[in-house]
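In what follows, a structure is listed as structure tokens, so that the remarks can point back to it.
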Amino acid sequence: MVSPEQYQDFQDEALVHSDALYRYARRLTNDAREGEDLLQETFLRALRFWHQYQKGTNCKAWLFRIMRNLSINRAQSKARSPVSDSLEDTEEWSLYGKLHDPEALKDDSPEVRFFEQNWSKEIVEAMAKLPEEYRSAIILCDVEGFAYQEIADILEIPIGTVRSRLNRARTRLQQALLGYVQENHPDLLVKRGDKEPESE
């Protein structure tokens, strides 16, 4: 049972991340009601195991890891057939070669403003088509701003795998959005004569 002091700590350290967690839940579930349920379940699980949390450490990353594990468990319990959507056949040519280098994004760059402020249905649909492990990586990095090591801790994978998943997810997402960007945000495209970003 949680003591009043522990519950106060929970409010101070965990509940302050509600907005970020709800955004993540929405991206994981693609449904507002399911996102709310996942958020509530995450906080209930976190409160239940609050005694295992070390006060003053990275509570946000801990909560995101709980949410992702719950999301995986939910998907498995629904016994959905996994959709085969390998990124192994990703072509080198993509919006990656048309946009400014995504590895060099600055806080106020056009690319960051685009992905932060323009969650159109095209972007939502493109994100939803990514396999969960790639979608999680790009959301945690490019939307929530976690460092690579934090993402590795949340997803429980090596940091090299984080980099690989991010590269593949960004490439697939950019390919899917090329036509949309050309039509609606041509200012983000590298102008003719500009130096193309080097491919990795």
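Quick note: the coordinates plus some simple rules give every number you see, no bench work behind them. Computed from a prediction, not measured in an experiment: that's the story for all the values here. Ideal geometry is used to build each Cβ from the backbone, glycine not excepted, and the neighbour counts take in all protein chains shown.
A compact table of results
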item: Cβ-defined net charge surrounding PHE146, 10 Å radius [Lys, Arg +1; Asp, Glu -1]; result: -3
item: Where a label projected 7 Å from the Cα of ALA128 along Cα→Cβ would reach, residues of the range 144-183 with amide N under 17 Å; result: 173, 176-177
item: Pair LYS121, LEU15: separation of 7 Å Cα→Cβ label points (nm); result: 3.7 nm
item: Vicinal HN-Hα couplings computed from phi for the range 7-24 (Karplus, 6.51 cos²θ - 1.76 cosθ + 1.60; Hz; Gly/Pro x); result: 5, 5, 4, 4, 4, 6, 9, 9, 5, 5, 9, 4, 4, 5, 5, 5, 4, 5
item: Net charge of Cβ neighbours under 14 Å - reference GLN11; Lys, Arg +1; Asp, Glu -1; result: -3
